[in-house]
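Worksheet for the structure shown next.
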Amino acid sequence: MFKIIILLLCMTLALPGSSQSASLECKYYSSYWSSLGTIYRCEVQNSVTISSPDAAQIDSVTGTHLAGYNNDNVELFYVYGIGQIHFFPRGLNKIFKNLKGIQIYSTGIKEIHQSDLKYFPNLKFLSLSANSLEILEKDLFEFNPDLEVIYSNSNKISHIDPNVFDKLTKLKTLYLRSNPCIDIYADNNSTAVQNVIKTAKKQSTNSDYLNLEQKVKNLEAESSALSSEQLKEKLEKLENEVKNSKFPNSFQSKLQGLKASQAKKAREEATTATTTTTPATTTTTESSKFKTCSALESKVDKMTENLTDLMTLATNGTDTQQCAALKDDLRNRNEDMDTKLEILDENVQNTKTAMLREIQNIKNAATIDHAGLLSSLRFRTDKIEKAIKEQDRKFDDQVRKMDKLDQKLSKIMKALNIHE
């Protein structure tokens, strides 16, 4: 029953900040594409909104493939001026496993990270022109050594890390036109590309960005040692610095990650405060009940020994006076055993009631701050369920002992012709 309660809670409690997903509608066809030749492509038809990193997950793609083709044949993912895709769509690699080209043009992309591109080791063509990119960060293309063509025109780029193109030995086309820090390009010429890269290193290293980047890294490093309030205070200050800088969009993902850490830390602190007070009474109650059960168990064991002696006495026969005294003693012991059994049953039921009340307290608290209590709920309900099972086991053991005593007692009473 308790596992069902936990399962239902997990299914019905919605976690705040959980990922959202989007669906794409594709038009599939083959066409010639510069630097890629004739390829099979998905051209997005529907307006998709990806306004935060949490909403960037693509869970499905619809559209009718050409005869003999499927998702594995798609080599180019193409979006042109449709929707508000502010963050790189995640999950494309699971749908289109063999992409060689990606073009997301004029959708408002604000950030691009190594973690977005690492799933496309065979990528040759990347176009992110006419968007809102502010930086090309360090090691951005670490896992894309086959890149031959990069377009990043008409963005807001104010910082390009000096090493960003270092490992792209096959790069022959690089467009960085119409950006605040650089306006230059090289087309299908490897030597000219190297000149563009040298110019980018001279013109595009921004100390303000590097300073903010270091502050973000420092806060990430010390966040685990801070209280939720301390982290919140420092995070708000850093957010204001980023907002007032030339890079208001460049750290959104990292700041959002820090916000999630702060919120989680606050919930954990609240949960810790709750668990250190509320369960204490229950623990004391459980302890006292188990002590009572242990005392009853000792008494039952003693009664077993006495009844064995009485069985021997009844079997061997006694005189009338002894039988009369024995009859009274057996009646008293039988009544005493029934009383103890009732007490034992009551104690078990009381303990169960207390434990069920504790589970209800958890459920009530979960409706207020369910996300932070899920892990606590699983741990505490498992512990309570084990305690109830242990209590039931002890009770069943006592009942079995009582049954054996009752059988012995019945034989003795039958032998002495005593009627209940």
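The values are calculated or read from the model by the stated rules, or taken from the named source; none is laboratory data. All values derive from a computational prediction rather than experimental measurement. Note that each Cβ is placed from the backbone with ideal geometry, even for glycine, and that neighbours are counted across all protein chains shown.
Values for this structure:
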quantity	calculated
Scope the stretch 189-227; condition more than 30 Å from Lys170 (Cβ to Cβ) and of a type outside the set (Gly, Ala, Ser); matching residues	Asp208, Asn211, Leu212, Gln214, Lys215, Val216, Lys217, Asn218, Leu219, Glu220, Glu222, Leu226
Residues of the stretch 226-256 classified as in a helix (DSSP H, G or I) and either under 14 Å from Glu213 (Cβ atoms) or assigned by TED's automatic domain parsing to the domain that holds Asn155 (or both), total	7
Test result for Ile6, assigned to a helix (DSSP H, G or I) and either modelled with pLDDT under 95 or β-branched (Val, Ile, Thr) (or both)	yes
Which listed residue is over 35 Å from the mean Cα position of the chain (by Cα) and in contact (Cβ under 8 Å) with a residue 40 or more places away in the chain, from Tyr175, Tyr185	Tyr175
Elements of type strands (runs of 3 or more DSSP E) in the stretch 53-106, at least 3 residues being modelled with pLDDT of 95 or more and touching a Cys at 6+ places or on another chain (Cβ under 8 Å)	76-80
Only listed residue being closer than 30 Å to Ser34 by Cβ and of a type outside the set (Ser, Thr, Tyr), chosen from Ala273, Ala266, Ala260, Ala200	Ala200
Pairs, first closer than 17 Å to Glu239 by Cβ in the stretch 259-271, second at pLDDT below 85 and not in a helix (DSSP H, G or I), C-beta under 8 Å, six or more apart	Ala260/Gly17; Ala263/Pro16; Ala263/Gly17
Gly63 at positive phi and within 23 Å of the chain's Cα centre (by Cα)	no
Selection within the stretch 157-172 - touching a residue at least 60 places away in the same chain (Cβ under 8 Å) and within 35 Å of the chain's Cα centre (by Cα)	His159
Answer from Lys264, Lys291, Lys215 - the residue that is surrounded by 13 or more Cβ atoms within 10 Å (Cβ to Cβ) and either among the hydrophobic types (A, V, I, L, M, F, W, C) or modelled with pLDDT under 90 (or both)	Lys264
Qualifying residues in the stretch 101-117 (those that are of a type in the set (Ser, Thr, Tyr) and on the phi < 0 side of the Ramachandran plot) - the one surrounded by the fewest Cβ atoms within 10 Å (Cβ to Cβ)	Ser115
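Conditions tested, residue by residue: (1) exposed (fewer than 14 other Cβ atoms within 10 Å of the Cβ); (2) outside the structural domain of Glu134 (by TED's automatic domain parsing); (3) within 21 Å of Ser30 (Cβ to Cβ).
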residue: Val61; (1), (2), (3): no, no, yes
residue: Thr64; (1), (2), (3): yes, no, yes
residue: Tyr78; (1), (2), (3): no, no, yes
residue: Lys94; (1), (2), (3): yes, no, no
residue: Leu99; (1), (2), (3): no, no, yes
